[in-house]
Amino acid sequence: MEKTFAMIKPNAVQSGLAGRIIARYESARLSVAAIRLKQMTKADAEGFYAEHIGKPFFAELAQFMTSGVSIQLVLAGENAIAKVRAINGATNPAKAEPGTIRYDFATSMTENAVHSSDGPESAAREIAFWFKPEEIFEYEANDQRAKSVL
Ligand code: CMP
């Protein structure tokens with residue numbers, strides 16, 4: 001099963017949207033393979049978003065991501081990387097399609113509710129950044145349960 005990394009950002013956690021966001025992933029037959037709640041430190045933000053250091057939006061991004069708790073997730077399932085990107089919608093909420101998480105819950109480019117890996121290499125790097133192998137669990141998803149909430 002393919003795995004991807006996703007994060008529910010501080011604005012979405014503080015707005016009580018975590019359960020609804022995770023339910024959207026589960027309804028797409030993705031399983032939660034790892035989960036953690038953490039307030040990112042400055043070092044976390046600089047490590048996780050290393051490719052964005054020096055960009056004009058980095059300071060605001062790091063400030064926001066360290067401002068409150070976020071939820072780190074590993075999601076597993078068929079085409080997990082593309083599925084989660086589609087469910088999340090465009091990075092810029094003004095361009096996100098109706099029905100996506102960012103269309104529904106993002107308030108700006110920075111406070112855009114969720115993050116997810118954009119490809120296999122970033123998924124591997126981001127999963128390893130947040131989780132040890134023994135914290136990631138693979139199990140058979142029960143299709144019957146997923147169907148009941150689709
Ligand atoms: P995320 O998927 O977490 O990856 C980097 C984040 O930087 C992105 O979502 C946005 O929240 C934030 N960001 C702010 N401004 C920009 C920008 N101009 N281009 C890309 N990302 C931006």
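Each part gets one Cα centre, and for the stretch 8-60 versus the stretch 67-111 those centres are 9 Å apart.
Site pair Ser67 and Met1 shows an inter-label distance of 3.4 nm when each label is modelled 7 Å from Cα along Cα→Cβ. Just check the stretch 31-85 against the gyration tensor rule for me: Cα atoms, a ≥ b ≥ c as the square roots of the eigenvalues, rounded for a/c under 1.5, and otherwise prolate or oblate depending on whether a/b exceeds b/c. Verdict is oblate for the stretch 31-85.
Each 10 Å bin from zero holds the following percent of Cα-Cα pairs in the stretch 55-96: 21, 36, 38, 4.
Scoring 88-95, 73-80 by mean Cβ neighbours within 10 Å over their residues and listing the highest first yields 73-80, 88-95. Taking only the Cα atoms of the chain, the ratio Rg/Rh comes out at 0.95, with Rh defined as the Kirkwood radius. Partner lysines whose Cα lies under 18 Å from the Cα of Lys42, excluding those fewer than 8 positions away in the same chain, are identified as Lys9, Lys55. Just to be sure I follow the definition: excluding the sites themselves, where is the longest run in the chain that has none of the chymotrypsin sites (Phe, Trp or Tyr not before Pro) in a DSSP loop with at most 13 other Cβ atoms within 10 Å? Maximal segment without exposed cleavage sites: 58-136. Straight-line cross-link reach from Lys3 at under 17 Å between alpha-carbon atoms covers these lysines, not counting any fewer than eight positions away in the same chain: Lys83, Lys132.
Coordinate-derived values only; no laboratory data. Predicted model, so just to flag it, every value in this text is computed and none were measured. Glycine gets a Cβ as well: all are built from the backbone with ideal geometry, and neighbour counts include every protein chain shown.
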